[in-house]
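Here is the structure we will look at.
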Amino acid sequence: MESFISRIGGKRALRERILAEFPAEIGRYIEVFGGAGWVLFARDKHAPMEVFNDIDGELVNLYRCMQHHPDELARQLTYLLNSREQFFDAKAQLEGRGLTDIQRAARYYILVKESFGADLRTFSCKARSIPHGLESFPAISKRLEQVVVENRDFAALIGTYDRPDALIYCDPPYHGTERYYSHLFSEEDHRALADVLHRAKGKVLLSYNDDAFVRELYQGWAIIPVERANNLAAKAGQSKPYRELIIKNY
Ligand SMILES: C[S@@+](CC[C@H](N)C(=O)[O-])C[C@H]1O[C@@H](n2cnc3c(N)ncnc32)[C@H](O)[C@@H]1O
């Protein structure tokens with residue numbers, strides 16, 4: 001199934017290529033940098049136990065409300081029009097206090113849907129219907145029914161769930177694009193992640209941008225170069241493909 005939101009760095013275009021590298025048997029599936037969850041939603045179930053995580057608390061609140069209250073969330077979003085005023089009202093309300101979790105989730109959903117490239121900051125000025133898409137909420141909620149949804153930093157999460165039968169899928173902020181997310185991901189974080197993953201008991205699969213720093217962090221692992229169309233460059237009339245890496249320890 002499709003994800004219900006967009007996310008900068010979302011793996012919609014690459015997910016089939018990523019799935020092709022998954023091991024045949026997975027005891028527990030751990031998606032550490034969840035975002036829009038394109039890889040999670042690609043299959044009805046990856047493993048008997050599934051964990052979805054992201055450090056962004058507003059995003060995770062949206063997932064939890066989707067999991068437990070899809071009807072009320074959809075009700076709050078019904079009849080909304082796409083407007084600049086609504087976008088900036090939602091943004092201001094999220095910066096304040098007093099909203100319920102479902103009200104927060106609805107406003108966050110508006111920011112995702114109405115911002116330019118899902119950057120959550122800039123009003124996109126495009127005709128987008130908020131009610132369009134709400135019909136997928138029951139199915140998304142059902143898909144999330146048995147998924148453990150976490151809101152932790154990668155190191156704590158991996159420390160808790162890593163087991164020999166696990167597949168740990170990591171799609172961290174790409175090296176050089178870290179500023180697009182609400183939580184800064186530093187050069188030190190890239191190194192710390194590699195450190196944690198080099199000590200993992202389970203199988204590890206990463207998707208990353210193709211650069212020398214990344215290749216050096218995972219020297220000795222299987223490093224598979226992949227290419228996909230660069231959407232922004234294509235819109236600007238350039239056709240240079242974007243180079244990414246799938247990296248595995250198995
Ligand atoms: C490249 S995006 C993931 C995109 C996702 N695979 C998809 O298909 O939409 C990276 C995600 O990592 C999250 N993130 C950033 N720093 C993190 C950290 N220290 N621990 C866990 N998640 C983090 C961001 O909030 C962002 O959603």
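The values are calculated or read from the model by the stated rules, or taken from the named source; none is laboratory data. Given the structure is predicted, the values throughout are model-derived calculations rather than measurements. Neighbour counts are summed over all protein chains in view; Cβ atoms, including those assigned to glycine, are modelled from backbone coordinates with ideal geometry. In case anyone asks, the SASA skips ligands and DNA or RNA and just uses the protein heavy atoms, side chains included. Shrake-Rupley method; radii C 1.70, N 1.55, O 1.52, S 1.80 Å.
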Taking into account only those residues within region 11-35 that are within 13 Å of the ligand (Cβ to nearest atom) and without any contact (Cβ under 8 Å) to a residue 60 or more places away in the chain, which is surrounded by the fewest Cβ atoms within 10 Å (Cβ to Cβ)? Glu16
Mind telling me which of the residues Tyr174, Tyr169 ends up being touching a strand residue (DSSP E or B) at 6+ places or on another chain (Cβ under 8 Å) and not in a strand (DSSP E or B)? Tyr174
Look through region 36-50, keep the residues that are open to solvent by 10 Å² or more (accessible area, probe 1.4 Å) and more than 8 Å from the ligand (Cβ to nearest atom), and return whichever of them is nearest to Val226 (Cα to Cα). Ala42
Selection from region 140-184 of residues modelled with pLDDT under 95, of a type outside the set (Asp, Glu) and near the ligand (Cβ under 9 Å from one of its atoms) yields Tyr174, Thr177, Tyr180, Tyr181, Ser182, His183, Leu184
Given the conditions (1) surrounded by fewer than 20 Cβ atoms within 10 Å (Cβ to Cβ); (2) in contact (Cβ under 8 Å) with a residue 12 or more places away in the chain; (3) in a loop (DSSP other than H, G, I, E, B), which single one is not true for Ala192? (3)
Kindly evaluate Ile140 against the criterion of being open to solvent by less than 40 Å² (accessible area, probe 1.4 Å), in contact (Cβ under 8 Å) with a residue 12 or more places away in the chain and in the same structural domain as Lys203 (by TED's automatic domain parsing). no
Among residues of region 72-99 being within 16 Å of Leu134 (Cβ to Cβ) and of a type in the set (Ser, Thr, Tyr), the residue nearest to the chain's Cα centre (by Cα) is Thr78
